[in-house]
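Enquirer: Handing you a structure now.
The values are calculated or read from the model by the stated rules, or taken from the named source; none is laboratory data. Because the structure is predicted, anything quoted here is derived from the model rather than measured. So basically every Cβ, Gly included, is an ideal-geometry build from the backbone, and we count neighbours across all protein chains shown. For accessibility, only protein heavy atoms count, side chains too; no ligands or nucleic acids. Shrake-Rupley method; radii C 1.70, N 1.55, O 1.52, S 1.80 Å.
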Amino acid sequence: MRLLVCGDLHLKPAAGDYDLDAVSPPEDVDAALVVGDLTHRAGDDDADLARRFVERLAPDVPVVYVPGNHDPAPMPAEVVAPVSGATAEHLSARTLGDLAVVGWGCERRSLTPPLPQTEFDALDPRSVPHEDRRYEADRIAEDLLDACHRVVSGSASVREAAASLGIADDEAAAFHRGVEAIEATYERLSERLRGRSDALLATHQPPFGASFDRHHAVGTRETDREYLHTGSIALALAIRDYDVFAAFSGHSHELGYDAGEAADGRPHLLNLGFRGVGVVTVAPARGEFAFTRR
């Protein structure tokens, strides 16, 4: 199956720095995925522009539109309602050919993480010299994922996970609330993935800890957040636990591809970056995954 994948286009009705004609589907694609932030804000004129974009694709191929934080649910559902062949998927699934696409998007503009790392001394990579910060952020992310996985799998309590990470006593309550929120999202994702084989995930947020999951620090005010991972822990855990062949995401505005440890490279994690448009070939039965950014 060949997919046209679009992410973080941030189209603006008053702007002219984009070309809708340029994103017409190539003749040989079977479906299109829009992984959020098709527009920059969820106004009526933005919805009209988004509908025009989807209409360019939907007559030829089925379209799956996942809401981003700049066009949160229910906007995409309203956009695709009059467009035959297009659907909005948020915590829902659609069958394309012999593959299932599970969509998970955003319900609000703000994406405050359930465990803000800078609020926990043991999870804050800024405690080390700047030249070591990227490595420290990756190390902490791996430890945090492992600790949360022990909780969702039932092999450890939240208290035990906190202790393994060195969470201070006065931060324990906040950590507990954060892990509970992660568990709730993980279970919602699990309900959609459980029992599926070779699932394709289309999400706006990237999985926590991916190479392209970085805070896009800009300006003096944001430099202390440089290298922090800001993606979804629940999503990363769901990808770890279920038969996900590939996961497409956006939000971080950073082009990146991570291959998993399976012999065929699964799970394949792809983010096409800011205003990313690409053609992706997936064939799970043959272990094939390839992409070209347009």
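Enquirer: Among the residues of region 133-144, write down those that are open to solvent by 50 Å² or more (accessible area, probe 1.4 Å) and basic (K, R). Please lay out each step first, then the result.
Expert: The initial filter retains those residues of region 133-144 that are open to solvent by 50 Å² or more (accessible area, probe 1.4 Å), namely 134-135, 138-139, 142-143.
Across region 133-144, the qualifying residues are R134, R139.
Enquirer: Still on this structure, please answer the following. Within region 268-288, work out how many residues are within 21 Å of the chain's Cα centre (by Cα) and free of Cβ contacts under 8 Å to residues at least 40 places away in the same chain.
Expert: So the answer is 1.
Enquirer: Just for region 53-87: of the residues that are in contact with a Lys or Arg (Cβ under 7 Å, 6 or more places away or on another chain) and part of a strand (DSSP E or B), which one is most open to solvent (accessible area, probe 1.4 Å)?
Expert: Ranking the candidates gives T87 first.
Enquirer: Now for a separate question. Sort out for me the helices (runs of 4 or more DSSP H) sitting completely within region 114-229 that have 2 or more residues that are touching a His at 6+ places or on another chain (Cβ under 8 Å).
Expert: Fully inside region 114-229 and qualifying: 133-152, 158-165.
Enquirer: Let me ask you something else. Which one of the conditions (1) open to solvent by 70 Å² or more (accessible area, probe 1.4 Å); (2) touching a helix residue (DSSP H, G or I) at 6+ places or on another chain (Cβ under 6 Å) does F175 fail to meet, given that it meets all the rest?
Expert: F175 satisfies every listed condition except (1).
Enquirer: Continuing with the same structure: Can you tell me which residue within region 88-132, out of those that are surrounded by fewer than 19 Cβ atoms within 10 Å (Cβ to Cβ) and among the polar types (S, T, N, Q), is farthest from G166 (Cα to Cα)?
Expert: The residue in question is T95.
Quick grid of which residues meet (1) closer than 18 Å to G97 by Cβ; (2) at pLDDT 90 or above:
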| site | (1), (2) |
| --- | --- |
| E27 | yes, no |
| A31 | yes, yes |
| T39 | no, yes |
| A47 | no, yes |
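Enquirer: Which residues, taken from region 252-264, are modelled with pLDDT of 95 or more and not in a strand (DSSP E or B)?
Expert: Within region 252-264, A259, G260 meet the criteria.
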